[in-house]
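So the structure is just underneath, and the comments pick up after that.
The values are calculated or read from the model by the stated rules, or taken from the named source; none is laboratory data. Bear in mind the structure is a predicted one, so any value in this text is a computation, not a measurement. Counting neighbours? That spans all protein chains shown, and the Cβs are built from the backbone with ideal geometry, glycine included. Quick note on the areas: whole protein, heavy atoms, side chains included, nothing else; ligands and nucleic acids left out. Shrake-Rupley method; radii C 1.70, N 1.55, O 1.52, S 1.80 Å.
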Amino acid sequence: QVQLVESGGGLVQPGGSLRLSCAISGRTGRIVAMGWYRQAPGKQRECVAHCTSGGVIEYADLVKERFTLSRDNAKNTVYLQMNSLKPEDTAVYYCNVVGLTGTYYNVWGQGTQVTVSS
């Protein structure tokens, strides 16, 4: 029932910035974790940033101090602000939400392409 829709991806030059958005809809119940993941061609999907139910935000070492995860509760939207982008950041970025509506659920968005190139 919960659905996620990512947006904000595109082509940007090295050193540039992008802000990804993840719109959350449906009966979410209690959200216990949310995060952003990415997958580059030929590589495994990796966690970029996530927030647990305890309020702890963790970032992958390669994006720490460059990316910031945030949430606008009023808009039911999760964001990923990406600064100082590098070519190796090129990937499809996915939003993920884990929640509880009697039972646990784990949903993913369709992904949004980020390409960093000069």
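Is it the case, given these coordinates, that Gln44 is under 16 Å from Glu88 (Cβ atoms), more than 11 Å from the chain's Cα centre (by Cα), surrounded by 14 or more Cβ atoms within 10 Å (Cβ to Cβ) and not hydrophobic (A, V, I, L, M, F, W, C)? Taking the combined requirement at face value, the residue does not satisfy it. Considered as a group, the residues in the stretch 78-118 that are more than 18 Å from Arg45 (Cα to Cα) and small (Gly, Ala, Ser) include one that is least open to solvent (accessible area, probe 1.4 Å), and that residue is Gly99.
Please indicate, with yes or no, whether at least one residue in the stretch 65-86 is aliphatic (A, V, I, L, M) and free of Cβ contacts under 8 Å to residues at least 40 places away in the same chain.
Applying the first criterion (aliphatic (A, V, I, L, M)) to the stretch 65-86 yields 69, 74, 78, 80, 82, 85.
After this cut, where a residue has to be free of Cβ contacts under 8 Å to residues at least 40 places away in the same chain as well, the list is 69, 74.
Checked the stretch 65-86: at least one residue is aliphatic (A, V, I, L, M) and free of Cβ contacts under 8 Å to residues at least 40 places away in the same chain.
Inside the stretch 103-118, residues that are of a type outside the set (A, V, I, L, M, F, W, C), outside any loop (DSSP other than H, G, I, E, B) and in contact (Cβ under 8 Å) with a residue 60 or more places away in the chain make up a count of 5. In the set Ala60, Ala49, only one residue is closer than 22 Å to Val5 by Cβ and open to solvent by less than 50 Å² (accessible area, probe 1.4 Å); that residue is Ala49.
Which of the residues that make up the stretch 8-38 are of a type in the set (S, T, N, Q), open to solvent by less than 70 Å² (accessible area, probe 1.4 Å) and over 26 Å from Leu100 (Cβ atoms)? If you could, list the steps in order and put the result at the bottom.
Filtering the stretch 8-38 for residues of a type in the set (S, T, N, Q) gives 13, 17, 21, 25, 28.
If we keep only those that are open to solvent by less than 70 Å² (accessible area, probe 1.4 Å) too, we end up with 17, 21, 25, 28.
Once the filter is applied, which keeps residues that are of a type in the set (S, T, N, Q), open to solvent by less than 70 Å² (accessible area, probe 1.4 Å) and over 26 Å from Leu100 (Cβ atoms), the stretch 8-38 yields only Ser17.
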